[in-house]
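Enquirer: Quick one: the structure is below, and I'll ask about it shortly.
The values are calculated or read from the model by the stated rules, or taken from the named source; none is laboratory data. These numbers were taken from a predicted model, which means no experiment stands behind them. Reconstructed Cβ throughout: ideal geometry from the backbone, glycine too, with neighbour counts over all protein chains shown. Heavy atoms of the whole protein, side chains included, go into the accessibility calculation; ligands, DNA and RNA do not. Shrake-Rupley method; radii C 1.70, N 1.55, O 1.52, S 1.80 Å.
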Amino acid sequence: MRYFIELSYNGKAYHGWQIQPNAISVQEVLEKGLSTLLKEPIATMGAGRTDAGVHATQLFAHFDTEIIFDTPKLIYKLNSFLPEDISIQNIFEVKPDAHARFHALSRQYLYRIALEKNPFNTEQAFLLKPKLNINKVREATKILLEYKNFQCFSKSNTDVKTYNCNIMKAEWKIVDNELHFTIKADRFLRNMVRAIVGTLINIGIGKFEVESMHDIIKSKNRSEAGFSVPAHALYLTAIEYPENIKK
């Protein structure tokens, strides 16, 4: 039987979601917990990879097992077993061919920028000292929706078949003393969101012109885009699936 597991985590202590040979990952800790409690080796497949230090308020993974278990009891035991920075929200049975990665319709990320120094959000948001022209940033953000190929925002030497992504939403909101950037797409390239935010910041502080976003995207060259903002302020917030994957 195949199950989806919904979880959230603070990524500060982890080298991303995916298992690494010489570093601790969220996937490794989760698999250890599932294997211990179900008393058999459990392998998981996540909906995507988050980089080192990136957080997730919602991530799904799937796993297979023939073990019959009480779902609420397993969730309770897992949350007791796992460290405080990983939380399990739900486990539910899906169709045998349901795939956490390939069947995801969209993924959504949030990036938080602090506009003033605050000792209570230093690990949750990126403190930006230069003043940002939010109107220019919003103008440049709209340009993203005109394109599909985002190779210019992809980490170099990434093994992918295509650099095309369908961006469905990209917007900025002022929330208290923070700027929140939300972006939703069918898929993301490695480092893509952090490179986009860095490029938009450069436009907002006057280093790039708004219209330069066209040239940057058309260049397909990472060196033409802006800097990569720190990982600690990036959150994977939502993943959508077809309703019919549930059993």
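Enquirer: Exposed loop sites here are chymotrypsin sites (Phe, Trp or Tyr not before Pro) in DSSP loop states with at most 12 other C-beta atoms within 10 Å. What is the longest stretch of the chain lacking them?
Expert: On the way: sites that count: Phe102, Phe120.
With chymotrypsin sites (Phe, Trp or Tyr not before Pro) excluded where exposed in loops, the chain gives 121-247 as its longest stretch.
Enquirer: Would you mind calculating the gained length between Met1 and Lys131 on full extension (0.36 nm times residue separation, minus the Cα-Cα distance), in nm to one decimal?
Expert: Extra length available between Met1 and Lys131 comes to 41.5 nm.
Enquirer: Ratio to report: Rg/Rh of the stretch 104-160, with Cα atoms as the point set and Rh obtained by the Kirkwood method; give two decimals.
Expert: Checking Rg against Rh, the ratio lands at 1.05.
Enquirer: Specify the inter-centroid distance of the stretch 191-224 and the stretch 103-133, based on alpha-carbon positions, in whole Å.
Expert: 17 Å
Enquirer: Also, I was wondering about something else. Compute the convex hull volume of the Cα atoms of the stretch 115-247, divide it by the residue count, and report the result per residue in Å³ as a whole number.
Expert: Output value, Cα hull per residue: 138 Å³.
Enquirer: Round to the nearest 0.05 the FRET efficiency obtained for Ser106 and Lys142 when R0 = 25 Å and r is the Cβ-Cβ distance. Please report the intermediate quantities before stating the final value.
Expert: Working: r = 19 Å, r/R0 = 0.76.
For R0 = 25 Å, the calculated efficiency reads 0.85.
Enquirer: Fully extended, how many nm does the chain gain between Ala238 and Ser219 (0.36 nm per residue separation, minus their Cα-Cα distance)?
Expert: Here the answer is 3.8 nm.
Enquirer: How much solvent-accessible surface does Met168 expose, in Å² to the nearest 10, with a 1.4 Å probe and all protein chains in place?
Expert: The accessible area of Met168 comes to roughly 90 Å².
Enquirer: Moving on. Semi-axes of the equivalent ellipsoid for the chain, please: Cα gyration tensor eigenvalues, times 5, square-rooted, ordered largest first, whole Å.
Expert: 35, 20, 15
Enquirer: Go ahead and run the numbers for FRET between Glu40 and Lys161, Cβ-Cβ distance against an R0 of 25 Å, rounding to 0.05.
Expert: Efficiency, rounded to the nearest 0.05: 0.15.
Enquirer: Placing +1 at every Lys and Arg Cβ and -1 at every Asp and Glu Cβ, with all other atoms neutral, what dipole size does the stretch 110-247 have around its Cα centre, in debye to the nearest 20?
Expert: Once rounded to the nearest 20, the dipole reads 280 debye.
Enquirer: When the accessible area of the chain is split by element with a 1.4 Å probe, what percent falls to carbon and sulfur?
Expert: 50 percent
Enquirer: Right, next: Treating the beta-carbon of each Lys and Arg as +1 and of each Asp and Glu as -1, no other charges, what is the dipole magnitude of the chain about its Cα centre, to the nearest 20 debye? Intermediate results must be reported in sequence, preceding the final value.
Expert: Details: 32 positive and 27 negative charges, 105 e Å.
Roughly 500 debye, rounded to the nearest 20.
Enquirer: To continue, here is another question. What percent does the relative contact order of the chain come to when contacts are Cα pairs within less than 8 Å and at least six residues apart?
Expert: Value for the chain: 25 percent.
Enquirer: Need the list of lysines near Lys218 for cross-linking: C-alpha distance under 30 angstrom, and skip anything on the same chain fewer than eight residues off.
Expert: Output for Lys218: Lys129, Lys131, Lys136, Lys142, Lys148, Lys155, Lys161, Lys169, Lys173, Lys184, Lys207.
Enquirer: Report the FRET efficiency, 1/(1 + (r/R0)^6), for Ile67 and Met168, where r is their Cβ-Cβ distance and R0 is 51 Å, rounded to 0.05.
Expert: Numbers: r = 38 Å, r/R0 = 0.74.
Given R0 = 51 Å and the Cβ-Cβ separation, E is 0.85.
Enquirer: Along the charge dipole of the chain, which of Ile91, Ile174, Gly198 sits closest to the positive end, that is, farthest toward it, with unit charges on the beta carbon of Lys, Arg, Asp and Glu (+1, +1, -1, -1)?
Expert: Gly198
Enquirer: Of Thr162, Leu37, Gln18, which is farthest towards the positive pole of the chain's charge dipole, taken about the Cα centre with +1 and -1 on the beta-carbons of Lys, Arg and Asp, Glu respectively?
Expert: Working it through, the farthest residue towards the positive pole turns out to be Thr162.
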